1. I'd like to verify a number: residues in segment 51-68 that are in a helix (DSSP H, G or I) and exposed (fewer than 12 other Cβ atoms within 10 Å of the Cβ), how many?
2. Of 122, 95, 137, which residue is in contact with a strand residue (DSSP E or B) (Cβ under 9 Å, 6 or more places away or on another chain), loosely packed, with under 10 Cβ neighbours inside 10 Å and either on the phi > 0 side of the Ramachandran plot or free of Cβ contacts under 8 Å to residues at least 60 places away in the same chain (or both)?
C-alpha cells in the first residue's frame, strides 16, 4: 500500500525515479552532443529542441537544458559586429578643438558635420549635412543619388 501512495505522489507532484531521462532515453545525451557538434555549437536549447525533434527524439526544453548543463555544453557566441576603424595608422589626425564642450557663445564659432549612406530600393544614396552649434539649425544639406 505504501508503494502505491508513493507512486501516486510522484505522479501528482511531477517527480520521477528517472531523473534527466537517462533510464528512459539513454541515447538522448549522445543525440544532444551530436546535434551540438553538427550545428557548429551555436544552437541554444530552443533551436536544439527543434533539431532533436526532427531527429525523432521527444524531450522537453527543460530536460535538454539540464542535460546540456550536465554535459558542460555551451554555445559559441558569434561576433556579429566587425570593427572597420583602423586606429593604428600613421596618418595625421585632426585636433579636437571643441574638447566635447558644445556651449558656443557666438555665431559662426563651431559647426558639426555628418555624412551617412541610406539603404533604399534604388541604391545607397549619401546624405551630408552641416549644423551650426550656436543656432542648432541645419546650415547645409546635400543628397546625392546612389
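1. 3
2. Answer to the check: 137.
Let's see how each residue does on (1) in the same structural domain as residue 38 (by TED's automatic domain parsing); (2) closer than 30 Å to residue 29 by Cα; (3) under 32 Å from the mean Cα position of the chain (by Cα):
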| position | (1), (2), (3) |
| --- | --- |
| 65 | yes, yes, yes |
| 86 | no, no, yes |
| 90 | no, no, no |
| 94 | no, no, no |
| 115 | no, no, yes |
| 133 | no, no, no |
| 136 | no, no, no |
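The values are calculated or read from the model by the stated rules, or taken from the named source; none is laboratory data. Bear in mind that the values here come from a model prediction, so they are computed numbers and not experimental data. Heads up, the Cβs are rebuilt from the backbone with ideal geometry, glycines too, and the neighbour counts pull from every protein chain shown.
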